[in-house]
1. Just give me the residues in the range 183-200 being within 16 Å of ligand 3 (Cβ to nearest atom) and out of contact with any helix residue (DSSP H, G or I) (no Cβ under 7 Å at 6 or more places or on another chain), in sequence order.
2. Look at Ile382 and say whether it is at pLDDT 95 or above and within 12 Å of ligand 1 (Cβ to nearest atom).
3. For the condition among the small types (Gly, Ala, Ser), surrounded by 15 or more Cβ atoms within 10 Å (Cβ to Cβ) and without any contact (Cβ under 8 Å) to a residue 60 or more places away in the chain, what is the one hit in Ala44, Ala36?
4. Could you go through the range 130-137 and let me know if any residue there is assigned to a loop (DSSP other than H, G, I, E, B), over 24 Å from Met182 (Cα atoms) and more than 16 Å from ligand 3 (Cβ to nearest atom).
5. Filter the range 340-370 down to the residues that are in contact (Cβ under 8 Å) with a residue 24 or more places away in the chain and of a type in the set (Gly, Ala, Ser), then identify the one that is surrounded by the fewest Cβ atoms within 10 Å (Cβ to Cβ).
6. If we only count helices (runs of 4 or more DSSP H) wholly inside the range 318-418, which ones have 1 or more residues that are within 16 Å of ligand 3 (Cβ to nearest atom) and in contact with a strand residue (DSSP E or B) (Cβ under 7 Å, 6 or more places away or on another chain)?
7. Only one of Lys388, Lys313 is under 27 Å from Leu275 (Cβ atoms) and more than 19 Å from the chain's Cα centre (by Cα); which?
Amino acid sequence: MQNWKEYQEKNQERFLNELLDLLRIPSVSADSKYKADVAHCAEAVQASLLKAGADRAEIYATAGHPIVYGEKIVDATKPTVLVYGHYDVQPADPLELWASGPFEPVIKDGKIFARGACDDKGQMFMHVKALEVMSATGELPCNVKMMIEGEEEVGSTNLGKFLEDHKEQLQADIVLVSDTSMISMEHPSIESGLRGLAYMEVEVTGPNRDLHSGVYGGAVQNPINALCAMIASLHDENNHITIPGFYDKVQELSEAEKKALNSAPFSQKDYNEELGIGEEWGEKGYSNLERTGTRPTLDCNGIWGGYIGEGAKTVLPSKAYAKISMRLVPSQGSEEISELFRKHFESIAPKGVQVKVTAHHGGEPVVTPTDSVAYQAAAKAISTTFGKDPIPTRGGGSIPIIALFEKTLGLKTVLMGFGLDNDNIHSPNEKYDVANYEKGIETIPYFHKYFAELMVK
Ligand code: BES
Ligand code: MN
Ligand code: MN
């Protein structure tokens, strides 16, 4: 296995440059303006898989953006690892807050700055390069299947059907994903769960047209005022969510689980300082790590209505809107929670306004077992290359397709992520440390090695 490291070191600079090339393609899945770039990015991923030694790599068209699938089958008796990742990225705006162009990657202080550097091109590409390392050195402990999609950031709308249609082709022993974060290079960790998501949009209508706020103000309910009061009422004084039934299926952690979760290194003071917030906030009775990892939440993601142009316009608007999302934990169901939200939101609307609630894409929460062979293989791989055992944590983010791997393909997932919470994913100045990129490429082959070893035992 010594050859892996040698090969990686020899090719380190090229591995980095190839990632930079990928980051130059603005594969923004949410914005149709970038449709051709997304397609171009899929081609680049396909080419990179073939270059890495895949037996075959194909692009599958979908009703949305294409899926890239490649595989290298070395021996039918060896276990098979299905790697999942995404090559699409979030929109880059607000552009003015970037220190350099989001699609003109630069390396500063050992960090790669670009949209997608961490989420998920940088992390996905580690698997492509790890495949190259294993192929080129002739040391491939497992069969490798790679499925890289272009719609994760818009809810993986067409991937579910792809799983249904390609069950045979996607047969494997485990799904391996690098699209989450670890605590730090000094404290490597593995996320053992992801939150689900229910995403709603609401429209509140007051009068049948915009009105002069002097002529009518005070006598007609203002839909923005009403919407703000409704949103404010969704949390009580303990920052508990007020939707009836919302917590019914939430599982409380055992004292032992709480203790384990809270033993991860964390400083509320550093957290506040880094984010520029005055004090901690959250649901009463829970720690920061419990709040993001194990508790459901509700956040307003956007709110608009009325006049937002330059200067002042005295208007009592006809309509107000908001996007509101809820992060879910086991065993909350996305559809069920969306329905509870809809009912409640309609019920709290004052008589002076009408409310329309619609649901966007969602996803189910997942817990990945820490006592499985695959988890142990990931832990051993990280111990080998970091010199430290990883700490199990719970991630706050969502990857909706993970629940379907289990439901449709019967496959468990290991979340071996190498990002950091302060990598600014979905924010301006997204970055990924070169050291994390290289450590990932070094660690992944060991996952394959230990997984193969532990599977035959
Ligand atoms: N890679 C993230 C999810 C993530 C980030 C999990 C950090 C754990 C730690 C993924 O690309 C993402 O952003 N997911 C979205 C959901 C999706 C439906 C848009 C999310 O979590 O908001
Ligand atoms: Mn991602
Ligand atoms: Mn993302």
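1. First, the residues of the range 183-200 that are within 16 Å of ligand 3 (Cβ to nearest atom): 191, 194-197, 199.
Glu191, Arg195, Tyr199 - these are the residues of the range 183-200 that are within 16 Å of ligand 3 (Cβ to nearest atom) and out of contact with any helix residue (DSSP H, G or I) (no Cβ under 7 Å at 6 or more places or on another chain).
2. On the way: at pLDDT 95 or above: yes; within 12 Å of ligand 1 (Cβ to nearest atom): no.
Judged against the criteria, Ile382 is not a match.
3. Unique residue meeting the criteria: Ala44.
4. Here is the first cut: in the range 130-137, the residues assigned to a loop (DSSP other than H, G, I, E, B) are 137.
From what's left, over 24 Å from Met182 (Cα atoms): 137.
Next, only the ones that are more than 16 Å from ligand 3 (Cβ to nearest atom) stay: 137.
Looking through the range 130-137, at least one residue is assigned to a loop (DSSP other than H, G, I, E, B), over 24 Å from Met182 (Cα atoms) and more than 16 Å from ligand 3 (Cβ to nearest atom).
5. The extreme case among them is Gly352.
6. Numbers: elements: 334-347, 373-386, 401-409.
Helices (runs of 4 or more DSSP H) meeting the threshold: 401-409.
7. Details: Lys313 fails: under 27 Å from Leu275 (Cβ atoms).
Being under 27 Å from Leu275 (Cβ atoms) and more than 19 Å from the chain's Cα centre (by Cα) holds for just one of Lys388, Lys313, which is Lys388.
Okay, residues lined up against (1) more than 15 Å from Ile391 (Cβ to Cβ); (2) surrounded by 15 or more Cβ atoms within 10 Å (Cβ to Cβ); (3) modelled with pLDDT under 95:
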position	(1), (2), (3)
Ala260	no, yes, yes
Glu273	yes, no, no
Ile277	yes, no, no
Thr297	yes, yes, no
Cys300	yes, yes, no
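The values are calculated or read from the model by the stated rules, or taken from the named source; none is laboratory data. No experiment lies behind these values; they were computed from the predicted model shown. When we count neighbours, we look across all protein chains shown, and the Cβ atoms used for this are built from the backbone with ideal geometry, even at glycine.
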